[in-house]
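The values are calculated or read from the model by the stated rules, or taken from the named source; none is laboratory data. Computed from a predicted structure; not experimentally measured. Quick reminder, even Gly has a Cβ in these numbers, built from the backbone with ideal geometry, and neighbours come from all protein chains shown. Surface areas here come from the heavy atoms of the whole protein model, side chains and all, with no ligands, DNA or RNA. Shrake-Rupley method; radii C 1.70, N 1.55, O 1.52, S 1.80 Å.
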Amino acid sequence: MGEAPAFLLENLQEDDTNVFHLKSEGTQTATVIGSKTYVIGWANDKVATSGVRIFDKCTNEWVIPTVLGTKPKPFRGHLAMLYCEDRILVVKESSTFDECIWFLEQQKNFETQVVAWSRGVIGDAEKPIVISGPSGVGKGTLINKLMDEFPAMFGFSVSHTTRAPRDGERNGVHYNFTERSVMEQDIKDGKFLEFAAVHGNLYGTSIEAVDVVADAGKRCILDIDVQGARSVRDSCLEAIFIFVSPPSFEELEKRLRARGTETEEQIQKRLRNAKNELEKGREPGLFDHMLVNDDFDSCYMSLKKLLGLDGAINETPCSLEMGYLPLVDSASKSDEKILIKCKTGESEKASQKMITLDLSSIKGGAPARTRGLNMYYAEDLTPNGSTDEKLS
Ligand SMILES: Nc1ncnc2c1ncn2[C@@H]1O[C@H](COP(=O)(O)OP(=O)(O)OP(=O)(O)O)[C@@H](O)[C@H]1O
Ligand SMILES: Nc1nc2c(ncn2[C@@H]2O[C@H](COP(=O)(O)O)[C@@H](O)[C@H]2O)c(=O)[nH]1
């Protein structure tokens, strides 16, 4: 908290929607959204280790916000601009393509100031997979088999839960086992993508659980109940939703009992909830795919088929774009396109001086990923120009 530093007062010009320059001192930039100025950067910044602080003109005070999502590693040299009224687009220079585009978004519905980072992903990276269905239907068994067969392709979103660990369950692997009071506080602080009370306990998917998998370049699998699936549907995380049903209610009960992990009372509770879940699973528009887990091998084949893996011989991990954005001179915005002017060396072609960042097809957003970005060399800087050349 305190007064705005001199550089801000000097450099805060009226926002120009088409052209922007580094309004910075050292490696910091200032972007105005309404009455708030978002200062991004780490230079000489002992206070905001997250790299973000906000000056509120109404209160004349500095605020260090709570920062959600995967944060970029501290960087030197970036452009920042307002994009779509409430997102700040940050272009990190001297950086690979998969690391250079970030968005900072204000998170509403919090009593305190909360912002969230979202990494820009070039192209349409594979969507996370949400698998739901009643307890005992075989979700975990299907997921384990998929992860065993394709270990480099899929990663499991490790949920938090307040239930006690079962024999053989490991903290941080099967679940993050936690106290209710701690989890409730984390939910209030906006750390969860979704959460629900299930069979008398609290379960939830933290933003970090999903980010860790994406950071490893893998496709995330979430094993969550129907309430959670609905919350994810309503969130910024674009996913594929799969519902798994049992061949019959009797078979579900048989499997739950045979697993031997619950008391009789807990089994009864899970079976009561199963009726409800089977009903809700049919809700129009919630699930993209329905599977019946009767014969396990057939169900597993159907799962692989809908994920496009039925003909797969070797696993291929999700690819990362390996281009490189050099030092940035300036940038301008035209519709959904950002034209980035780079400082190129003598060895580079003139056409590589201008890079177009196309945001017309972006999906998702903070605190998850912003997918669907496109980057390519702008037109050749010859007198006649030439066609665009894709970067990746
Ligand atoms: N197709 C199948 N036929 C027979 N048994 C099965 C089949 N699929 C899974 N099972 C068995 O059913 C039991 C429950 O499976 P699993 O633990 O995977 O269910 P789940 O849906 O993950 O349950 P929960 O939601 O409680 O975690 C396990 O003992 C598993 O081996
Ligand atoms: N909404 C959420 N539901 C979750 C999450 N993690 C697990 N689950 C669901 O809970 C039940 C019971 O699981 P169990 O391990 O106690 O048998 C099951 O349906 C899971 O799908 C979560 O993060 N969010």
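At-a-glance table
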{"read-out": "Sole residue being polar (S, T, N, Q) and either more than 14 Å from ligand 2 (Cβ to nearest atom) or buried (at least 22 other Cβ atoms within 10 Å of the Cβ) (or both), chosen from SER235, SER231, SER248", "value": "SER248"}
{"read-out": "Qualifying residue in the range 171-178 (condition: within 14 Å of ligand 1 (Cβ to nearest atom), part of a loop (DSSP other than H, G, I, E, B) and farther than 16 Å from CYS220 by Cα)", "value": "no"}
{"read-out": "Unmet requirement for ASP225, which otherwise passes all of (1) more than 21 Å from ASN201 (Cα to Cα); (2) in contact with a Phe, Trp or Tyr (Cβ under 8 Å, 6 or more places away or on another chain); (3) modelled with pLDDT of 95 or more", "value": "(1)"}
{"read-out": "Subset of the range 12-61 [of a type in the set (S, T, N, Q), modelled with pLDDT of 90 or more and open to solvent by 20 Å² or more (accessible area, probe 1.4 Å)]", "value": "SER35, THR59, ASN60"}
{"read-out": "Set GLU184, GLU169, GLU179, GLU208: member being in contact with a Leu (Cβ under 8 Å, 6 or more places away or on another chain), open to solvent by 30 Å² or more (accessible area, probe 1.4 Å) and of a type in the set (D, E, K, R)", "value": "GLU184"}
{"read-out": "Complete set of residues in the range 292-335 that are modelled with pLDDT of 85 or more, in contact with a Cys (Cβ under 9 Å, 6 or more places away or on another chain) and open to solvent by less than 70 Å² (accessible area, probe 1.4 Å)", "value": "ASN293"}
{"read-out": "Extreme residue, farthest from ASP223 (Cα to Cα), among residues of the range 180-208 that are among the β-branched types (Val, Ile, Thr) and away from ligand 1 (no atom under 16 Å from the Cβ)", "value": "VAL182"}
{"read-out": "Among the candidates VAL137, VAL121, VAL91, VAL130, residue that is buried (at least 18 other Cβ atoms within 10 Å of the Cβ), in a strand (DSSP E or B) and within 16 Å of ligand 1 (Cβ to nearest atom)", "value": "VAL130"}
{"read-out": "Residue in the range 215-227 that is more than 19 Å from LYS139 (Cβ to Cβ) and either without any contact (Cβ under 8 Å) to a residue 60 or more places away in the chain or within 11 Å of ligand 2 (Cβ to nearest atom) (or both) present", "value": "no"}
{"read-out": "Residues being without any contact (Cβ under 8 Å) to a residue 40 or more places away in the chain and in a helix (DSSP H, G or I) - total across the range 277-301", "value": "4"}
{"read-out": "Residues of the range 94-118 that turn out to be without any contact (Cβ under 8 Å) to a residue 12 or more places away in the chain and part of a strand (DSSP E or B), as a count", "value": "0"}
{"read-out": "Subset of the range 140-163 that is aliphatic (A, V, I, L, M) and open to solvent by 10 Å² or more (accessible area, probe 1.4 Å) - its residue that is farthest from ligand 2 (Cβ to nearest atom)", "value": "ALA152"}
{"read-out": "Set VAL198, VAL173, VAL232: member being among the β-branched types (Val, Ile, Thr), touching an Asp or Glu at 6+ places or on another chain (Cβ under 8 Å) and more than 30 Å from GLN113 (Cβ to Cβ)", "value": "VAL198"}
{"read-out": "Subset of the range 228-272 (residues that are of a type in the set (S, T, N, Q), in contact (Cβ under 8 Å) with a residue 12 or more places away in the chain and outside any strand (DSSP E or B))", "value": "SER231, SER235, THR261, GLN266"}
